[in-house]
Amino acid sequence: MEKLIIPEQDIINAICVYISRKKQIKPEEVVVELMYDDDYGFSAEAYVNDRKQVLITANIIEALRLWLDEFLNEDPYAGIELVLDDEEGIIAIVKGR
């Protein structure tokens, strides 16, 4: 089964679009930092007008589903796994294409 790999920058872009839709602003107004912690897993901090919003893994997956559907024309309900890669940083692997 073929896998799609979404690089870190596209994950950030997906979160920017996701937050911008929720807050009715432009994606360019959102700044995102992806994080990984051994205890808590994947998360992200999104900043809009100096206000921080913390996103948990489920929020990141939701943003990626939006990205898959609208920007990549892929099945948004395919399996998505976030992975910490030594060279690429945080990536997403989409299975079941």
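The values are calculated or read from the model by the stated rules, or taken from the named source; none is laboratory data. As the structure is a prediction and not an experimental result, all values here were calculated from the model. Because the Cβ atoms are built from the backbone with ideal geometry, glycine has one as well, and the counts that use them run over all protein chains shown.
Here are the numbers for the structure shown:
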item: Selection within the stretch 1-23 - touching a helix residue (DSSP H, G or I) at 6+ places or on another chain (Cβ under 9 Å) and exposed (fewer than 14 other Cβ atoms within 10 Å of the Cβ); result: Arg21
item: Test set (1) more than 17 Å from Pro7 (Cα to Cα); (2) assigned to a strand (DSSP E or B) - Val83 fails condition number; result: (1)
item: Number of positions in the stretch 40-64 that are closer than 13 Å to Ile12 by Cα and among the charged types (D, E, K, R); result: 2
item: Given (1) in contact with an Asp or Glu (Cβ under 9 Å, 6 or more places away or on another chain); (2) among the charged types (D, E, K, R); (3) surrounded by 16 or more Cβ atoms within 10 Å (Cβ to Cβ), index of the condition Arg65 fails; result: (1)
item: Strands (runs of 3 or more DSSP E) contained entirely in the stretch 1-66, each with at least 1 residues that are hydroxyl-bearing (Ser, Thr, Tyr); result: 30-37, 41-48
item: Residue count, the stretch 13-59 (criterion: closer than 18 Å to Ile90 by Cα, β-branched (Val, Ile, Thr) and free of Cβ contacts under 8 Å to residues at least 24 places away in the same chain); result: 4
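Quick grid of which residues meet (1) out of contact with any Pro (no Cβ under 8 Å at 6 or more places or on another chain); (2) at pLDDT 95 or above; (3) over 17 Å from Met35 (Cα atoms):
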site	(1), (2), (3)
Trp67	yes, yes, yes
Glu74	yes, no, yes
Val83	yes, yes, no
Ile91	no, yes, no
Gly96	yes, no, yes
